[in-house]
Amino acid sequence: MRILLATDWNRGRGGAEACALQLRDGLEASGDQVRLLTSSTGSAGDGRADYVAWGTERVAAQAFLQIVNPFAVARARQAVREFAPDVAWVNMFAHHLSPALLHALAGVPIVLSVTDYKCICPIGVKLLPDDTLCTQRAGTVCLRSSCVGTLHWLRDQPRYALLRSGLRRVARIVACSEWVRAALAADGIAADVIDLPVPAPAAGYRRAPAAHPCFVFCGRLDREKGLALLLRAFTRLRADVAGARLRIVGTGPLQPSLTQLAHQLGLDDAVTFTGWRDPAGVEAELAPAWALVAPSLHAEPLGLVAPEAIVRGVPVVASASGGFGETVVEGRSGLLFANGDEAALAACLLRIARREAFPDHLVDATTVAASAARHDLGRHVALTRDVLRDVLRAVLLS
C-alpha cells in the first residue's frame, strides 16, 4: 500500500508523535510505501517528514491558521499529486494542519486516528473551569461555562463547521481507547478502537528500586495533568513518611507556578523538577521509582505513560476516569483513585510508601507480559493495516 501519514508535530515530542514514527517504521517494515506530512512547529518528524507545512505557536496567527492553514492544504495537494497515496492515515490536525487538511486530500480515502478530544471539545480536554469532567456536547454551553471566551467561541464556529464537513469525508475512524470511542459516540461519531504501541524496554534497562519511597511523574506540565493536586497530596504523604521523594519529569507552561507551589508547601528538599528527558533518560528515572504517578484531572484519552511504566515493571498510581482505567489493573499493575480527589491520591501514595501495596515495588511478570502484548508495535501495525485494507476494499467495491 501507498500510505500518507499526516499529523501535527508539536514542540517537545509526546506520545502521539512517537507513535507516528513507530507506525511509519512498522508499515515500511511490512513492505508499504509511506510518506509523512507534518507541521513545522516542532521537529517535523525528527527531520524525517517528506512534506512540511508551516505552522506557528503564535496565538494571533493560530486564530486564523486553525480554521484553514493554506500551507497544509498546499502540502497535502502536493503529496496527493506526487505520491498518489492509496489511503491516508490522519492523526492530529486541529492545532496546526487545520480541518482543511481533510478536504485537501481530495480523492484519497481517509482513516482518522483520534487520540484526543479536539474533534468534540474546543479546549481539547473535556475539563470544566472547576476542574471537573465535562459531560456536555460542545456548543453554547462552552461559552456559558466560561471554558472559552466570546471571541474564541465565535472563531470556532467556522472552524468546527469545516471539521464536521471534513469528518463526512472520512472513511473510518479509530479511537485510542474505549473511553474515547464512547465520548465520540456520545457526539454522534462512530469509531473503532486500536490500542496504541509503547516501546519495549531498552536492552540495558534494569529495575533498581530506591532505598526510600521514590515517586515519579512523567509528562507535560499543564493544568489537566494534575501537578498541583499531586504536590498537595505529596505534602500529606510527607507528614507520615518524611523520607519520600518526588521527581517531576517534563516541561510545560506551569513549571514556574509549580516550582513556586512546591516551595510554598515546604517541599524544596523533597521534590525535583528534572526538565525534559529523552526516552533513555525517562527509563533512568523509572528504574528506581516505587511508582509512577499519573494524577490527571481530565479523563486521559489513553495516557501512554501508564503502559510504558508497566512494561518496565513499575506500578502506576493514576486517576481512574479515562484511559488509565483501561490500562491500569487495580492491585495488579497499580492503584486507581477518583479524578481530582486529593485525599484519595494521598492515600494511594501512602499505601505504596508503607509497602502495603506492591511491597517489592514491582509489577508481576504475568501482568507485564499482558500489557506488553496489548501494546506491542507489531500488533498495532497489523491492526492498522487491516483497517487500511478494509477501507481500500470498500472503495474498490463501491
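For Asp360 and Arg144, the FRET efficiency from 1/(1 + (r/R0)^6), where r spans their Cβ atoms and R0 equals 45 Å, is about 0.35. Once both labels are positioned 7 Å from their Cα atoms along Cα-to-Cβ, the gap between Gln78 and Trp54 label points is 1.2 nm. The share of accessible area on the chain that comes from carbon and sulfur is 56 percent, using a 1.4 angstrom probe. Once the dipole of the chain is set up with Lys and Arg at +1 and Asp and Glu at -1 on Cβ about the Cα centre, which of Cys176, Val141, Val73 lies farthest towards its positive end? After comparing all options, I get Val73. If the segment from Asp268 to Arg137 were pulled out straight at 0.36 nm per residue, it would be longer than the present Cα-Cα gap by 43.0 nm.
Using a simple spin-label model with pseudo-atoms 7 Å out from Cα toward Cβ, Ala161 and Ala210 lie 5.5 nm apart. An oblate overall shape is assigned to the stretch 10-79, the ratio a/c of its alpha-carbon gyration tensor axes (a ≥ b ≥ c) being 1.5 or greater and a/b not exceeding b/c. Highest GNM mean-square fluctuation among Glu82, Glu326, Glu283, for the chain modelled with Cα contacts below 10 Å: Glu82. Looking at the chain, the accessible area is 41 square angstrom per residue; that uses a 1.4 Å probe and ignores ligands, DNA and RNA. Secondary structure note: in the chain, about 5% of the DSSP beta bridges are antiparallel. Computed over the chain with a Gaussian network model linking Cα atoms closer than 10 Å, the most mobile of Phe234, Phe64, Phe217 is Phe64.
Computed from point charges on the beta carbon alone (+1 for Lys and Arg, -1 for Asp and Glu), the dipole magnitude for the chain about its Cα centre is near 720 Debye. An ellipsoid equivalent to the chain, defined through the eigenvalues of its Cα gyration tensor, has semi-axes of 36, 24, 19 Å when rounded to whole angstrom and sorted largest first. GNM remark for the chain: springs join alpha carbons under 10 Å apart, and the peak mean-square fluctuation among Ala239, Ala79, Ala63 falls on Ala239. Magnitude of the charge dipole for the stretch 1-128, about its Cα centre and with charges confined to Cβ atoms of Lys, Arg (+1) and Asp, Glu (-1), is about 300 debye.
Both radii are taken from the alpha-carbon atoms of the stretch 162-268; with Rh as the Kirkwood radius, Rg/Rh is 1.13.
Residues within the reach of a label modelled at Ala347 (point 7 angstrom out along Cα to beta-carbon, backbone nitrogen below 14 Å), restricted to the stretch 289-325, are 320.
The values are calculated or read from the model by the stated rules, or taken from the named source; none is laboratory data. None of these values were measured; they are calculated from a predicted model. Note that we place each Cβ from the backbone using ideal geometry, even for glycine, and neighbour counts take in every protein chain shown. These area figures cover heavy atoms from the full protein model, side chains too; ligands, DNA and RNA do not enter into them. Shrake-Rupley method; radii C 1.70, N 1.55, O 1.52, S 1.80 Å.
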